[in-house]
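Trainee: What follows is a structure written as structure tokens; I'll ask about it next.
Laboratory data are not the source of any read-out in this text; all were calculated from the coordinates shown. Quick caveat, the model's predicted, so the values are computed rather than measured. Counting neighbours? That spans all protein chains shown, and the Cβs are built from the backbone with ideal geometry, glycine included.
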Amino acid sequence: MPTPSRGADRTEAIMRTALELGQEIGYAKLSIEAIAARAGAGKHTIYRRWPSKGALFLDSLLSLHESSLDYPDTGDVVADLRTQIHAAVDLLANPPFGPLFRALVGEAQYDPQVAAALNERFITPQAAMTVARLRTARDQGQLSPTFDLSLAMSILSGPLYFQFLITQEPLTHAYVDRVLAALFTGMGKPSEPTIQESHDK
């Protein structure tokens with residue numbers, strides 16, 4: 001029976017091989033058999049740990065993302081969002097993470113287990129951190145008391161994923177800044193009452 005350290009080394013070697021092959025031949029052509037052959041591991045050894053190619057690929061890809069993209073809290077919510085989202089798009093816009101993550105999202109459309117794991121381990125935690133930072137800013141009076149946290153999260157992430165997954169245009173810091181400006185111009189700060197609202201009071 002392998003020792004824990006040997007088992008961890010074998011797991012790391014298999015995941016590293018999955019990423020290397022994914023980069024070389026593309027996710028569509030990737031197979032457990034090919035990974036096993038290059039890693040020097042038995043196919044059944046891999047299947048005991050990962051039930052599918054998608055599950056292995058997800059674990060392998062998220063191993064590149066061990067540190068969370070935590071938000072700073074400088075007291076300026078817009079600056080803090082800009083810092084964190086710039087870091088996120090840098091991760092997504094460049095190999096190896098970006099192209100492989102796009103392939104993983106594609107696989108999630110066909111494999112419910114991969115979709116659930118991707119949401120649980122990556123998308124949901126990142127969204128929760130964004131909402132938590134916005135909530136803190138709202139509680140501190142930086143944002144309107146009626147600021148819709150979940151809608152703000154959708155407005156922030158929707159354009160980024162649309163550009164990354166659908167149009168596949170480059171994700172840039174300038175684009176992030178435009179999205180932030182649109183969000184906070186539209187719903188970020190408590191607004192003065194309009195003339196009609198003043199008359200109604």
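Trainee: Pull out the extension gain between Phe162 and Arg102, defined as 0.36 nm times the separation in residues minus the alpha carbon to alpha carbon distance; nm, one decimal.
Mentor: On the way: separation 60, 0.36 × 60 = 21.60 nm, distance 1.16 nm.
Answer, rounded to one decimal: 20.4 nm.
Trainee: How big is the gap, in Å, between the Cα center of segment 115-136 and the Cα center of segment 10-36?
Mentor: 27
Trainee: Hey, rough spin-label estimate for Thr124 and Thr172, points 7 angstrom out along Cα→Cβ, what's it come to in nanometres?
Mentor: 3.6
Trainee: Calculate, in nm to one decimal, what Arg82 and Lys29 gain on full extension: separation in residues at 0.36 nm each, minus their alpha carbon distance. Before the final figure, lay out the partial values.
Mentor: On the way: separation 53, 0.36 × 53 = 19.08 nm, distance 3.69 nm.
Using 0.36 nm per residue and subtracting the Cα-Cα distance, I get 15.4 nm.
Trainee: In debye to the nearest 20, how big a dipole does the chain give about its Cα centre with +1 on each Lys and Arg Cβ and -1 on each Asp and Glu Cβ? Don't skip to the answer; put the middle values down first.
Mentor: Values: 18 positive and 22 negative charges, 150 e Å.
In total the dipole reaches around 720 debye.
Trainee: What does segment 78-172 give for Rg and for Dmax, in Å, if only its C-alpha atoms count?
Mentor: Cα only, segment 78-172: 14.6, 43 Å (Rg, Dmax).
Trainee: Here's something else I'd like to know. Compute from the Cα atoms of segment 4-62 the Rg and the Dmax, the latter being the longest Cα-Cα distance, and quote both in angstrom.
Mentor: 10.3, 32
Trainee: Still on this model: If contacts are Cα pairs under 8 angstrom and at least 6 residues apart, what is the relative contact order of the chain in percent?
Mentor: Details: 153 pairs, mean separation 36.7, N = 201.
Relative contact order for the chain comes out at 18 percent.
Trainee: What percent of all Cα-Cα pairs in the chain falls into each 10 Å bin, going from 0 up to the bin containing the maximum distance?
Mentor: 8, 29, 28, 18, 11, 4, 2, 1
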